[in-house]
Amino acid sequence: MVTILLINDDGIHSIGLLALKKQLEKIGKVIVVAPKDERSGIGKALTASNHVKIMETRLGDGSKAYAITGTPADAYFLAVNKIIQRLPDLLVAGINLGPNLGIDDLLNSGTLGAAMEAAIHGVPAIAVSYCIRAMNEAREKKEITLEELEPTASIAQRASRYVLEKGMPLGVGVISINVPEKADPKEVEITRLSYKGYGDIYTEQRDGYKIMGWSLDVYPDDEPGTDIYAIKEKGCVSVTPITLRFPYSKKELEDLSKILAT
């Protein structure tokens, strides 16, 4: 039986993680290792200044899982090196309760951070996000149900089955799947990452500035073909291939090298 490592950034008791686990169990053995508490926006950060503890716990369905006091990327390292002590066949991160769109989310998301850590180490990786149009005091994460997440979890399961059977597409490190609210699961678009950053996401408070909520409005409009356009304008499922090999040109720095060498 294949081994699937499941990690998230919303915390070990997130309904998104449980919904995804129930679907992934249909295709393999699922090992759950996730932060004890929510670590959204932490990216691929590792815990360097404190000890990270591993604690056995139980999920809402009574199954065993491992909660850690670190980050999603910590969870990957601890799972591979301390818990299962080998590479899994697949890493799935999610279901993130909120969008993961564009370059800012790629670099900031703990969900994508865990997926990128896996990809760096040669493990096929899928990140799954449920694009709630507005997450604020009017609608909190705890209000989301397993039933609501079922279509997203099912899409993730089918994508995971494909990767386990066919392997990752050539040159792709992470497959990022974003599913909007009330999406038609048959409306799927292969998209490219948007390179437009957030708008103003901070709200002034008495003690300073704080991110009070999250909505699709923080993502600027972009052109057709991007992940942001697919979610905001078309309302379809966005599947974005992400590569970890950043393009560059050494030739463009030849003048700088001459200056530095003088």
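All of the numbers you see were taken from the coordinates with simple rules; none came from a lab. It should be emphasised that the depicted structure is a prediction, and the values quoted were computed from it without experimental measurement. Positions of Cβ are generated from backbone atoms using ideal geometry, with glycine treated the same way; all protein chains shown enter the neighbour counts.
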Using the Karplus equation 6.51 cos²θ - 1.76 cosθ + 1.60 (θ = phi - 60°), what ³J(HN,Hα) coupling, rounded to whole Hz, does each residue of region 161-174 give in order, writing x for Gly and Pro?
4, 4, 5, 5, 8, 9, x, 6, x, 4, x, 9, x, 9
Relative contact order (percent) for the chain, with alpha-carbon contacts under 8 angstrom and 6 or more residues of separation?
19 percent
Pop out the ³J(HN,Hα) list for region 112-118 in order, Karplus 6.51 cos²θ - 1.76 cosθ + 1.60 with θ = phi - 60°, rounded to Hz; leave Gly and Pro as x.
5, x, 5, 5, 5, 4, 5
Please sort by residue number the chymotrypsin sites (Phe, Trp or Tyr not before Pro) in region 119-214 whose DSSP state is loop and whose Cβ has at most 12 other Cβ atoms within 10 Å.
Tyr195, Tyr202
Residues with amide H under 5 Å from that of Ile42, placed H, sequence gap 5 or more
Gly110
Chain lengthening between Glu204 and Ser257 when straightened (0.36 nm per residue, less Cα-Cα):
14.6 nm
Do any of Lys44/Lys196; Lys36/Lys166; Lys29/Lys182 go past 24 Å between their Cα atoms, and which?
Lys36/Lys166; Lys29/Lys182
Between the alpha-carbon centers of region 5-39 and region 66-96, tell me the distance in whole angstrom.
10 Å
Could you order peptides 166-173, 63-70, 230-237, 28-35 by the average number of other Cβ atoms within 10 Å of their residues, highest first?
28-35, 230-237, 63-70, 166-173
Counting sequence-distant residues (5 or more places) and residues on other chains, those with an amide H built under 5 Å from that of Val30 are Ile4
What are the residues whose amide H is under 5 Å from the amide H of Asp222, where those residues sit 5 or more places off or on another chain and H is modelled from the backbone?
Tyr229
Given the options Ala45, Ala156, Ala118, state which has the largest fluctuation in a GNM of the chain using a 10 Å cut-off (strictly under) for Cα springs.
Ala45
Going by Cα centres, region 183-219 and region 122-176 are how many Å apart?
17 Å
When all Cα-Cα pair distances of region 3-260 are considered, the percent exceeding 27 Å is 35 percent
Suppose we keep just the DSSP beta bridges with both residues in the chain; what percent of those would be antiparallel, to 5?
35 percent
Whole-Hz couplings from phi, Karplus 6.51/-1.76/1.60, listed for region 239-255; x for Gly and Pro:
10, 10, x, 10, 9, 9, 8, 7, x, 7, 10, 5, 4, 5, 9, 4, 5
